[in-house]
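The values are calculated or read from the model by the stated rules, or taken from the named source; none is laboratory data. All of these numbers come straight from a predicted model, not from anything done at the bench. Glycine also receives a Cβ, built like all others from the backbone with ideal geometry; neighbour counts cover every protein chain displayed.
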Amino acid sequence: MNEQYPLIMTAEYWMNTQLSIARYYGGAILGGIEYRIINKEGKDLYECSREAEKEGRKYAIDPNEPADLVVKTLIPAYKKLGRDKIIELLKQNKSEEEINEIAKSV
């Protein structure tokens, strides 16, 4: 099966599409693929919201910080490798499976 779907969408992209509804639910399902909004550390919007509430912050993810919409199965690799490395690997046309394998070997 050779399906192609985006693995990561930056807020600059998804906030200007029909996917902007994700901000109300913490994620979205697109073509049967589950996506979650995560911060630059790989924490999902729910976790960020809990932290913001405890700390008395207005925003779960600061508007000046990345808020990527990431395929759920890639989030562990995102946390382990970091946002910049994930983007670098995607620019090298690495697949989701290849990125997850790289993360396991680190």
- Test Tyr78 against the stated conditions and say whether it is within 20 Å of Tyr13 (Cα to Cα), assigned to a helix (DSSP H, G or I), among the hydroxyl-bearing types (Ser, Thr, Tyr) and in contact with a strand residue (DSSP E or B) (Cβ under 8 Å, 6 or more places away or on another chain). yes
- Looking across segment 56-81 at residues that are within 11 Å of the chain's Cα centre (by Cα) and small (Gly, Ala, Ser), the single one that is nearest to Lys40 (Cα to Cα) is Ala67
- Does segment 6-34 hold any residues that are in contact with an Asp or Glu (Cβ under 9 Å, 6 or more places away or on another chain) and not hydrophobic (A, V, I, L, M, F, W, C), and which are they? Thr10, Gly26, Gly27, Gly31
- Query: Do we find that Ile86 is part of a helix (DSSP H, G or I), under 17 Å from Thr10 (Cβ atoms) and touching a helix residue (DSSP H, G or I) at 6+ places or on another chain (Cβ under 7 Å) in this structure?
  - Reply: yes
- Residue that is surrounded by the most Cβ atoms within 10 Å (Cβ to Cβ) [pool: residues in segment 63-87 that are closer than 21 Å to Gly32 by Cα and without any contact (Cβ under 8 Å) to a residue 40 or more places away in the chain]: Ala77
- Note on the structure: Among Ile102, Ile37, the single one that is of a type outside the set (S, T, N, Q), touching an Asp or Glu at 6+ places or on another chain (Cβ under 7 Å) and either surrounded by 12 or more Cβ atoms within 10 Å (Cβ to Cβ) or part of a loop (DSSP other than H, G, I, E, B) (or both) is Ile37
- Task: Name every residue in segment 15-39 that is under 11 Å from the mean Cα position of the chain (by Cα) and of a type in the set (Phe, Trp, Tyr), in order of residue number.
- Result: Tyr35
- Query: Which condition does Arg50 not pass, out of (1) of a type outside the set (Asp, Glu); (2) surrounded by 16 or more Cβ atoms within 10 Å (Cβ to Cβ); (3) farther than 26 Å from Val106 by Cα; (4) modelled with pLDDT of 95 or more, if it passes all the others?
  - Reply: (2)
